[in-house]
Amino acid sequence: MKKINIYLISLAMMAFSCSEDFSSDEYGGYEMLTDYMLKEYQVGAALRTITEAGSYRFFDAANSVWSATLEPHDHESGGLTESVDWYVSNGGNNEVLARTVTRSEMYDGPVGLPRMDIAMSLTEAGGLVGGYSGGNTIIHRMVLNLTDGRSFSTESVSGSLTQSYFKSPFQYRKTITCFMDAGIVAAVPGLYTLNGTDSWGDGWNGAAVVAVIDGVEYSTSFNSGSSYSTTWTVPAGASTMGFKFVSGSWDSEVDFNIIYSKLDGSNSQTALPNVGASPATGFYALSVCQ
């Protein structure tokens, strides 16, 4: 029987449902197209993504966990799978081997193919790659090793392997977001500049934005005009902070944003984009990458 590259297999699987039954005569006695492909085609291998979940948050590193369930595919239905090497890097730099998952550590999935479950917190990843900053990207890269000496990873991937049935990119990129929870959170020292607007041009009519720093409230508003700016300083020794909106008489005219910079004025960035007319009352979640 003529053998073809597994990249072409994934293209074919885009056209057929993997759960659909096919004629046993047409597929050499196999009832399903997936059975036929896994048994008969010999060139290449894939590491199918069954599930992937989680995100990395700069301000909640210990509780930010990425996880995945992966399923090795080879033409002997897992019989050629020897191990999977799991590498971690910060944007491709300082790549280190986090773990090698052997075939004996895997378990049989519902269709008889091996599966493996992996998970790593941002704290763990940072310890491996030598640290990180907000906005960096942690890359989890896999290498599928076969018993015949061949290995497959990102260099083996074509577009078709990342889609449809296989979903086998061999790597997973998780950007570290800088969102804080809405409410009183751990203080991030810096300058927080409020830029407020009023579409009618007569001020905020009692509405206000309040900065709460170490339990002390600093309220700001304006009574005339169409725009207003003020800056709060969260000092280096502060423990907690939060920013909330207090409603006035004509909130439909109100809009504002908050710009962050370090205490020396550098690293300016939008901590809170324009909230839009009629802001919701209460605390807002900010995003500050350091």
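Can we say GLU95 is in a strand (DSSP E or B) and under 19 Å from the mean Cα position of the chain (by Cα)?
Yes; evaluated as a whole, the condition is true for this residue.
Are any of the residues in the range 188-195 on the phi < 0 side of the Ramachandran plot, open to solvent by 60 Å² or more (accessible area, probe 1.4 Å), of a type in the set (A, V, I, L, M, F, W, C) and modelled with pLDDT of 95 or more?
No, because not a single residue in the range 188-195 is on the phi < 0 side of the Ramachandran plot, open to solvent by 60 Å² or more (accessible area, probe 1.4 Å), of a type in the set (A, V, I, L, M, F, W, C) and modelled with pLDDT of 95 or more.
Scan the range 248-269 residue by residue and report those that are of a type in the set (S, T, N, Q), touching a strand residue (DSSP E or B) at 6+ places or on another chain (Cβ under 6 Å) and outside any loop (DSSP other than H, G, I, E, B).
ASN257, SER261, GLN269 - these are the residues of the range 248-269 that are of a type in the set (S, T, N, Q), touching a strand residue (DSSP E or B) at 6+ places or on another chain (Cβ under 6 Å) and outside any loop (DSSP other than H, G, I, E, B).
So which residues in the range 217-236 are among the hydroxyl-bearing types (Ser, Thr, Tyr), in a strand (DSSP E or B) and under 18 Å from GLY282 (Cβ atoms)?
Selection gives TYR218, SER219, THR220.
Answer yes if at least one residue in the range 262-269 is out of contact with any Cys (no Cβ under 6 Å at 6 or more places or on another chain) and open to solvent by less than 30 Å² (accessible area, probe 1.4 Å), and no otherwise.
No, there is no match, as no residue in the range 262-269 is out of contact with any Cys (no Cβ under 6 Å at 6 or more places or on another chain) and open to solvent by less than 30 Å² (accessible area, probe 1.4 Å).
Which one of the conditions (1) touching a strand residue (DSSP E or B) at 6+ places or on another chain (Cβ under 6 Å); (2) touching a residue at least 12 places away in the same chain (Cβ under 8 Å); (3) loosely packed, with under 15 Cβ neighbours inside 10 Å does GLU217 fail to meet, given that it meets all the rest?
Only one criterion is unmet by GLU217, namely (2).
Which numbered condition trips up GLY91, out of (1) at positive phi; (2) open to solvent by less than 10 Å² (accessible area, probe 1.4 Å); (3) of a type outside the set (S, T, N, Q)?
(2)
Against the definition (crowded, with 19+ Cβ neighbours inside 10 Å, more than 21 Å from the chain's Cα centre (by Cα) and at pLDDT 95 or above), how does LEU144 come out, yes or no?
So LEU144 passes the test.
Can you pull out every residue in the range 80-139 that is touching a Ser or Thr at 6+ places or on another chain (Cβ under 7 Å) and free of Cβ contacts under 8 Å to residues at least 12 places away in the same chain?
none
The values are calculated or read from the model by the stated rules, or taken from the named source; none is laboratory data. These numbers were taken from a predicted model, which means no experiment stands behind them. FYI the Cβ positions are ideal-geometry reconstructions off the backbone, even for glycines, and counts take in every protein chain you see. Quick note on the areas: whole protein, heavy atoms, side chains included, nothing else; ligands and nucleic acids left out. Shrake-Rupley method; radii C 1.70, N 1.55, O 1.52, S 1.80 Å.
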